[in-house]
Ligand SMILES: [Zn+2]
């Protein structure tokens, strides 16, 4: 027997459609004014994010796997202006894909092979307490070694920058590194090659609300 209160609640819920809260997307500068950055991944360009670069389906079909950081301190998933149920969200420390990490590996394989998502977004964030250029206190195992390896590969560039800038650059490089790791999954590689899956790198600034998209340049495959 269903109580009147339960019926009323169900009725209220059925008429309610959750909408994402639009973050403040700042179109600060045209892409052409932002220099290409040279990395071991090739050249990439940082450009302001267009909020609708992944069009909403306006229906509860999960089309995006979002890989974000556990300490971002913000629901930055809203920057895409999609319905919450268009997105499958996986978070861990440093928004990282670590070989042998059953949780992230299963999330990627499930999203690609079972859900058939059309997009994977890796989103880093400035001010991250995990992905820092100069210190990695408390990190252990593969998380530590992967970030150490990334730092070693870009040491000459990173260590010349002031600390705040080097941390921001490192956050971007870490996003690119995870995109590269994603391509190691046969499921991801095949889907991306066939054109049924796109990978995207985004960096979010919690303080300003600016979201930046990392775009491929010559010699860079994102
Ligand atoms: Zn973080």
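The values are calculated or read from the model by the stated rules, or taken from the named source; none is laboratory data. Keep in mind it's a predicted model, so treat the numbers as computed, not measured. When we count neighbours, we look across all protein chains shown, and the Cβ atoms used for this are built from the backbone with ideal geometry, even at glycine.
Brief remarks on what is shown
- Qualifying residue in region 131-139 (condition: within 18 Å of the chain's Cα centre (by Cα), within 16 Å of the ligand (Cβ to nearest atom) and under 23 Å from residue 170 (Cβ atoms)): yes
- Screening region 155-186 for residues that are in contact with a helix residue (DSSP H, G or I) (Cβ under 9 Å, 6 or more places away or on another chain) and outside any helix (DSSP H, G or I) and picking the one that is modelled with the highest pLDDT gives 185.
- Single match in 195, 219, 209 (criterion: modelled with pLDDT of 95 or more and on the phi > 0 side of the Ramachandran plot): 195
- Single unsatisfied condition, residue 45 versus (1) surrounded by 15 or more Cβ atoms within 10 Å (Cβ to Cβ); (2) more than 16 Å from the ligand (Cβ to nearest atom); (3) modelled with pLDDT of 90 or more; (4) closer than 21 Å to residue 192 by Cα: (3)
- Scanning region 78-120 for residues that are within 15 Å of the ligand (Cβ to nearest atom), surrounded by 23 or more Cβ atoms within 10 Å (Cβ to Cβ) and under 20 Å from residue 187 (Cβ atoms) yields 95, 96, 97.
- Flag for residue 108 being assigned to a helix (DSSP H, G or I), modelled with pLDDT of 95 or more and under 12 Å from residue 121 (Cα atoms): yes
- Residue 182 being farther than 18 Å from residue 72 by Cα and in contact with a strand residue (DSSP E or B) (Cβ under 8 Å, 6 or more places away or on another chain): yes
- Among (1) within 12 Å of the ligand (Cβ to nearest atom); (2) exposed (fewer than 14 other Cβ atoms within 10 Å of the Cβ), the one test that residue 124 misses: (2)
- Checking each residue in region 50-77 for being under 12 Å from the mean Cα position of the chain (by Cα) and more than 16 Å from the ligand (Cβ to nearest atom) picks out 64, 65.
- The single condition among (1) part of a loop (DSSP other than H, G, I, E, B); (2) surrounded by fewer than 16 Cβ atoms within 10 Å (Cβ to Cβ) that residue 152 does not meet is (1).
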